[in-house]
1. Calculate the dipole size of the protein assembly as shown relative to its Cα centre from +1 charges on Lys and Arg beta carbons and -1 charges on Asp and Glu beta carbons; express the result in debye to the nearest 20.
2. Filter the trypsin sites (Lys or Arg not before Pro) in segment A:320-389 down to the DSSP loop ones having no more than 13 other Cβ atoms within 10 Å, then list what survives.
3. I'd like the orientation of helix A:277-286 relative to chain A: the angle between its Cα long axis and the longest Cα principal axis, in ° from 0 to 90, rounded to 10.
4. Going by average Cβ density within 10 Å per residue, which order do the peptides A:502-512, B:67-77, A:309-319 take, highest to lowest?
5. Using the Karplus curve 6.51 cos²θ - 1.76 cosθ + 1.60 with θ = phi - 60°, what ³J(HN,Hα) values do you get for each residue of segment A:520-530, in whole Hz, with x for Gly and Pro?
6. Taking H placed 1.01 Å from N in the peptide plane, check which residues at least 5 places from A:Leu319 or on another chain put their amide H under 5 Å from its amide H.
7. What is the distance in Å between the Cα centres of segment A:296-315 and segment B:53-97?
8. Evaluate peptide A:151-163: per residue, the Cβ atoms of other protein chains within 10 Å of its Cβ; return the mean as an integer.
Amino acid sequence: MTFKKIIIAATLTLSIAAAAFAAEPTKAPVVTDSAAAVTAPTAPVAPAISAQSATTQAVAATPAQPKKRELKANKVITLSMFAIIIGITLAVVVWAARQTKSAADFYAAGGGITGTQNGWAIAGDYMSAASFLGISGLISLYGYDGFMYSVGWLVAYITVLLIVAEPCRNAGKYTLGDILSFRTNPKPVRAVAAISTVAVSTFYLTAQMVGAGKLMALLVGVPYKTAIVGVGILMVGYVVFGGMTATTWVQIIKAGLLMSGATLLSILVLAKAGFNPVYFFQTIVNSPEIQDHVSKLVLKDGITLTGIDAGQRFLEPGLFLKNPLDQISLGMALVLGTAGMPHILMRFFTVPTAQAARKSVIIAMFIIGAFYVLTTLLGFGAAVNLTPQGIMQVDKGGNMATLILAQQLGADIAPIFGDLFLAFLCSVAFATILAVVSGLVLAASAAIAHDIYVNVIKDGHADQHEQVMAARITSLVVGVVGIVIGLMAEKANVAHLVALAFAVAASGNLPVVVLSLFWRKFNTAGVIGGIVVGTVASIGLVMVSPNMTYPKVVAAGAQKVITAMEAKQALLPAGAQLDELDAKALTTAKSDYEKNKEGTSMMGLDKPLFKLKNPGILSIPLGFLAAIFGTLLFPNKRSEEMFDEIYVRQNTGIGMAKAIDH
Amino acid sequence: MAEKQYDWASIAQNPKFIELTHKKTAFLFGWWIFSTAYYFLLPIGAAYAPGLFKIKMLGVINFGYLFALSQFFVSWGLALYYAHVANKDFDRLTRELIEELHL
């Protein structure tokens with residue numbers, strides 16, 4: 001058995017390595033293609049901006065035109081580092097596979113993870129490539145708002161620490177369904193808990209897979225589809241063979257790499273400012289490029305700011321996050337949703353005691369918090385050292401800011417350091433993706449195999465061998481489905497899916513977890529009502545929110561361009577034509593208008609019904625209310641009688657051995 | 001599997017258990033409400049009190065920046081304080097309860 005696993009793992013390594021190197025020659029042209037594609041969109045933007053500044057006296061006369069930037073990782077170094085990471089993680093998988101014999105091993109690493117290890121694993125599970133690259137990019141382009149955005153991701157762990165971590169360790173086993181089915185009618189409750197877990201994991205996984213494919217395409221020039229399949233095969237390999245033990249160690253390794261990379265880069269940024277934070281911020285305010293960038297940002301709102309005032313504005317809120325209600329709504333989804341995320345809840349079943357669970361959250365909070373503080377430094381450091389204009393030339397969303405910064409600050413020491421550092425951070429991003437997607441696949445498979453197959457279909461009568469087989473087959477299926485969704489969603493707009501995953505977790509899962517741990521009357525009807533209403537409300541509100549595409553709104557935008565261009569044409573002397581760029585814009589606008597004027601959104605709407613991008617502010621109260629009304633409408637005596645048991649268990653851990661040995 | 005049977009209702013009535021859960025509930029929900037309220041002051045303040053956020057405190061570093069940074073320290077501080085209280089009080093009460101019940 002063990003021997004067979006080693007063979008399988010070795011074959012997997014070889015085939016991936018072979019695929020990577022076989023694809024090597026064909027990749028070369030792709031790199032230049034994608035680099036061109038990345039820089040291309042900036043071309044029409046640059047003249048538009050300089051035209052704007054020419055008409056605005058207020059703006060400093062000559063916005064320094066930074067030299068054209070592109071991001072090119074050294075392929076040999078980067079791919080070698082990828083190979084090292086794949087090699088190390090696969091060795092972990094082979095080792096973990098030998099220890100994975102029972103269902104408890106597969107889902108919860110046999111409860112044998114220490115508090116410290118689990119803390120690093122939680123951090124590794126939680127910090128996605130979006131937070132690693134996205135938030136620092138946001139800060140590099142919009143300053144303060146990016147920093148403010150990062151705060152909620154840490155504060156969310158207060159809820160995890162105070163409300164769910166220890167009770168879940170004491171009262172649970174492998175999944176959300178285990179906690180919820182304790183004193184309710186297990187079959188329907190497990191079924192809805194599994195559906196909500198799969199929904200949350202799928203939304204999150206889709207966003208991660210699409211991000212992974214695009215990131216890999218951008219970083220090392222691997223085609224999108226190859227990247228998805230490669231990441232997908234590794235993810236499935238980790239989970240199917242190594243279960244929770246392998247997933248945990250992949251997450252620990254990733255968190256270690258991520259923190260070393262972020263720390264090293266932060267030291268380089270601080271060294272540039274002589275390790276003086278006040279001076280560092282002074283350089284931000286004084287940077288002419290940042291001043292110019294901010295002037296143009298506020299000009300869109302009709303405000304004129306120049307010089308030092310514009311620089312100072314970069315450190316003030318409101319350049320990016322314009323709708324406070326949306327912010328509060330997102331904040332609610334983060335603060336309550338993190339504690340309802342199935343892949344995070346699952347991590348607490350891997351430690352032996354409530355004390356270890358407590359310790360692990362606290363360690364995770366220090367790692368995650370330190371990471372976001374460093375992220376700020378990286379974001380502002382990128383703004384100062386690379387200029388926002390330079391960052392936008394490579395990627396308009398700023399996602400590449402950290403990576404370019406690493407390359408430049410490394411190259412300042414010696415050119416080879418630039419390549420090495422960039423390659424290192426690319427592999428950190430790669431490890432980050434693998435760690436997060438593995439955790440999600442494991443959570444989704446646990447819900448299907450443990451809740452649906454073992455407990456609903458087989459009534460809990462399945463021996464260890466059968467349970468592990470079911471878990472492995474399910475992981476394989478979930479992983480393959482993840483790959484297929486990733487391949488299909490290449491062109492889809494996935495940006496809102498992460499927020500949606502948190503909203504579903506906050507509205508569907510968290511209310512029922514809290515109520516089943518703390519409310520005596522809570523029962524089956526409450527669980528089903530809460531999960532169904534919370535989940536449906538979050539998804540439904542997003543379907544009618546501004547996240548969707550509204551053809552009539554697009555048409556109205558195109559109409560404005562047409563009017564503006566035609567007005568411009570009318571001002572031209574007779575016979576003169578619009579210049580090429582304007583003419584092109586006019587043609588595009590006209591075709592956009594024709595294409596979209598009769599259309600409606602996916603839901604058949606002309607414009608959003610719900611004005612916020614984040615549904616939490618409405619869907620979370622709905623989830624709670626449905627759980628409470630369901631309970632009160634269909635009272636259940638048995639659920640009330642069993643409250644003493646779950647309440648004693650969750651507070652004291654008495655009877656917990658049963659949950660582990662089971 | 002021979003499982004030990006517990007009389008959950010009588011444990012739930014035990015004065016030690018009641019003391020434990022009262023202390024825990026007050027601490028956990030009280031501090032949770034505090035930290036959540038403190039967090040929401042950030043987006044609310046940024047939106048409705050921009051003047052306050054602009055006040056320069058340290059060189060060009062303004063109140064808004066220090067307030068956002070303070071969120072991290074408040075969260076860490078609360079985490080450490082909770083660990084301290086839980087290790088000292090809650091775990092001790094739990095141990096005493098288990099000893100009293102001869103489990």
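1. Details: 55 positive and 43 negative charges, 44 e Å.
Rounded to the nearest 20 debye, it is 220 debye.
2. Taking segment A:320-389 and a limit of 13 other Cβ atoms within 10 Å, the loop trypsin sites (Lys or Arg not before Pro) found are A:Lys322.
3. Around 40 degrees separate the two axes.
4. Numbers: A:502-512: 31.7, B:67-77: 17.5, A:309-319: 22.6.
Going from most to least packed, we get A:502-512, A:309-319, B:67-77.
5. Using θ = phi - 60°, the values come out as 4, 6, 4, 8, 3, 4, x, 4, 5, x, x Hz.
6. The answer is A:Asp145.
7. 34 Å
8. Values: counts 10, 5, 0, 6, 11, 2, 3, 12, 3, 0, 10, 12, 3.
Per-residue shielding by partner chains comes out at 6.
Every number in this text was worked out from the coordinates using simple rules, so none of it is lab data. Every value quoted in this text rests on a predicted model; they were computed, and no experiment measured them. In this analysis, Cβ positions are derived from the backbone assuming ideal geometry, glycine residues included, and neighbour counts consider all displayed protein chains.
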